[in-house]
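Take a look at the structure below.
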Amino acid sequence: MAKLKQLQRRKTDSAKLNRQELFKEQKNKQNENKVRKSVDDELQLKEEYTEESQRLKNWDYTLEENEKWEAKQELKNSNIDNAGFRNYSQLAEQSYRREIEELNIDKEAYLKGKLKRLKQKDALDRDQDDEIDDYNNKPSKAAIDQLIANLKGSDGRKMKRRKNYEDTSSYINDKNKQFNEKLNRHYDKFNEK
């Protein structure tokens, strides 16, 4: 009987050892596959980014497309530095820059006005240091309309964030509002009588 128990114990021990060895082998194979795959990926990346392959890829783009791409990347890199909230003065500066970029500047009208002022300056024969400021400058109708549109847009964005204090309803959220409206539609005919 003792001999039988000893054989059974040896059998279970050998089964455990075999199972452990099998798991070790599988882990080693998985690790080898991962290492092999990472090495293959590295080689592929190196092949992709060689100078010759990059030069061949660049044949597909025109000079204008390349310049646009470089300008876009430069803008992206400059915006990375300005990303996120640091303080209110920086936030105000970002808002100001964004609004300035959105402005449409009429360069032709500016140059015409500048030439006109220079001609007036020559006609008056003043010193180079003196400036003629045009205090009668009147912006064009389009510029005024654009300013009004910008102001309305910014006011709309600000007011959108604010709570609507004029609304004195008795609902908690939109779902509750819908439910109250549904009840009113259904039971109003009974309440009228």
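The values are calculated or read from the model by the stated rules, or taken from the named source; none is laboratory data. The structure displayed is predicted, hence computed values, not measured ones. Here the Cβ is made from the backbone with ideal geometry for all residues, glycine too, and neighbour counts use every protein chain on show.
Just need a number here: residues in the range 152-172 that are aromatic (F, W, Y) and either surrounded by 10 or more Cβ atoms within 10 Å (Cβ to Cβ) or at pLDDT 70 or above (or both). Spell out the reasoning first.
The initial filter retains those residues of the range 152-172 that are aromatic (F, W, Y), namely 165, 171.
Within this subset, residues satisfying the condition of being either surrounded by 10 or more Cβ atoms within 10 Å (Cβ to Cβ) or at pLDDT 70 or above (or both) are 171.
Of the residues in the range 152-172, 1 are aromatic (F, W, Y) and either surrounded by 10 or more Cβ atoms within 10 Å (Cβ to Cβ) or at pLDDT 70 or above (or both).
All but one of (1) part of a helix (DSSP H, G or I); (2) surrounded by 10 or more Cβ atoms within 10 Å (Cβ to Cβ); (3) more than 30 Å from the chain's Cα centre (by Cα); (4) at pLDDT 80 or above hold for K175; which doesn't?
Going through the list (1) part of a helix (DSSP H, G or I); (2) surrounded by 10 or more Cβ atoms within 10 Å (Cβ to Cβ); (3) more than 30 Å from the chain's Cα centre (by Cα); (4) at pLDDT 80 or above, K175 breaks only (2).
Please go through the range 68-102 and pick out each residue that is at pLDDT below 80 and either outside any helix (DSSP H, G or I) or in contact with a Gly (Cβ under 6 Å, 6 or more places away or on another chain) (or both).
Correct list: A83, G84, F85, R86.
Are any of the residues in the range 36-59 assigned to a helix (DSSP H, G or I) and at pLDDT 85 or above?
First, the residues of the range 36-59 that are assigned to a helix (DSSP H, G or I): 36-48, 51-58.
Imposing the further condition that a residue be at pLDDT 85 or above reduces the set to none.
The answer is no, given that none of the residues of the range 36-59 is assigned to a helix (DSSP H, G or I) and at pLDDT 85 or above.
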